[in-house]
1. Among the numbered conditions (1) out of contact with any Ser or Thr (no Cβ under 7 Å at 6 or more places or on another chain); (2) closer than 22 Å to ALA19 by Cβ, tell me where GLU80 comes up short.
2. Which of (1) of a type outside the set (D, E, K, R); (2) over 28 Å from THR136 (Cα atoms); (3) modelled with pLDDT of 95 or more; (4) loosely packed, with under 14 Cβ neighbours inside 10 Å is the odd one out, the single condition PRO22 does not satisfy?
3. Quick one: is VAL68 out of contact with any Phe, Trp or Tyr (no Cβ under 8 Å at 6 or more places or on another chain) and among the aliphatic types (A, V, I, L, M)?
4. Among the residues of region 5-18, which ones are in contact (Cβ under 8 Å) with a residue 40 or more places away in the chain and surrounded by 14 or more Cβ atoms within 10 Å (Cβ to Cβ)?
5. Looking only at region 118-132, which residues are surrounded by 17 or more Cβ atoms within 10 Å (Cβ to Cβ) and either under 12 Å from the mean Cα position of the chain (by Cα) or more than 24 Å from ARG49 (Cβ to Cβ) (or both)?
6. Would you confirm whether or not region 15-22 contains a residue that is in contact with a helix residue (DSSP H, G or I) (Cβ under 9 Å, 6 or more places away or on another chain), more than 18 Å from ALA94 (Cα to Cα) and not in a strand (DSSP E or B)?
7. How many of the residues making up region 33-54 are surrounded by 15 or more Cβ atoms within 10 Å (Cβ to Cβ) and more than 22 Å from GLU102 (Cβ to Cβ)?
8. ALA59 passes all but one of (1) buried (at least 20 other Cβ atoms within 10 Å of the Cβ); (2) over 14 Å from the mean Cα position of the chain (by Cα); which number fails?
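The values are calculated or read from the model by the stated rules, or taken from the named source; none is laboratory data. In this text the structure is predicted, and so the values were computed from the model without any measurement. Glycine gets a Cβ as well: all are built from the backbone with ideal geometry, and neighbour counts include every protein chain shown.
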Amino acid sequence: MIEICTDVQQDGWLELRQALWPDCPLEDHRQSVSEIVEQPQRLVAFLARDHAGRALGFAEVSIRTDYVNGSNSSPVAFLEGVFVAPQARGQGVAGRLIVAVEQWAVSQGCSELASDAALDNHSSHAMHAALGFSETERVVYFLKPLAKG
């Protein structure tokens with residue numbers, strides 16, 4: 001079963017976020033969850049559950065109106081994160097989450113779904129390919145501190 005997360009206390013959502021982004025402080029996760037719940041026209045999270053109600057995975061998506069690498073339209077739905085618990089992988093959970101994301105994105109006027117992954121995250125690359133995504137480009141980001149004065 002796939003459901004839209006409408007409550008910051010949605011059972012299992014926060015725990016799955018922490019599993020995907022373990023370096024993110026708990027308070028930052030809580031803030032992000034609140035922002036998603038408070039802006040349903042721009043942000044949404046989907047939660048997959050088994051028949052017993054246990055959370056198996058989640059997907060978070062945003063609507064972006066700025067340029068999205070590789071896209072040809074605006075607005076673009078952007079998959080901010082997708083995660084399936086290790087014990088539930090290989091059972092089509094990610095695919096069901098992406099179908100829900102796609103349906104929501106189309107209902108918001110989007111014709112493209114974009115995503116990203118770190119260059120060294122090969123399992124994410126494989127998952128994206130299996131879900132029908134095509135790689136558009138590879139990017140290395142740079143930053144230079146500026147002297148004040």
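1. If we test GLU80 against (1) out of contact with any Ser or Thr (no Cβ under 7 Å at 6 or more places or on another chain); (2) closer than 22 Å to ALA19 by Cβ, just (1) comes out false.
2. Every condition holds for PRO22 apart from (2).
3. Against the criterion (out of contact with any Phe, Trp or Tyr (no Cβ under 8 Å at 6 or more places or on another chain) and among the aliphatic types (A, V, I, L, M)), VAL68 does not qualify.
4. Across region 5-18, the qualifying residues are CYS5, GLY12, TRP13, LEU16, ARG17.
5. Answer for region 118-132, where residues must be surrounded by 17 or more Cβ atoms within 10 Å (Cβ to Cβ) and either under 12 Å from the mean Cα position of the chain (by Cα) or more than 24 Å from ARG49 (Cβ to Cβ) (or both): just HIS128.
6. No, the conditions are met nowhere in region 15-22.
7. Looking only at that region, the number is 1.
8. Condition (2) is where ALA59 drops out.
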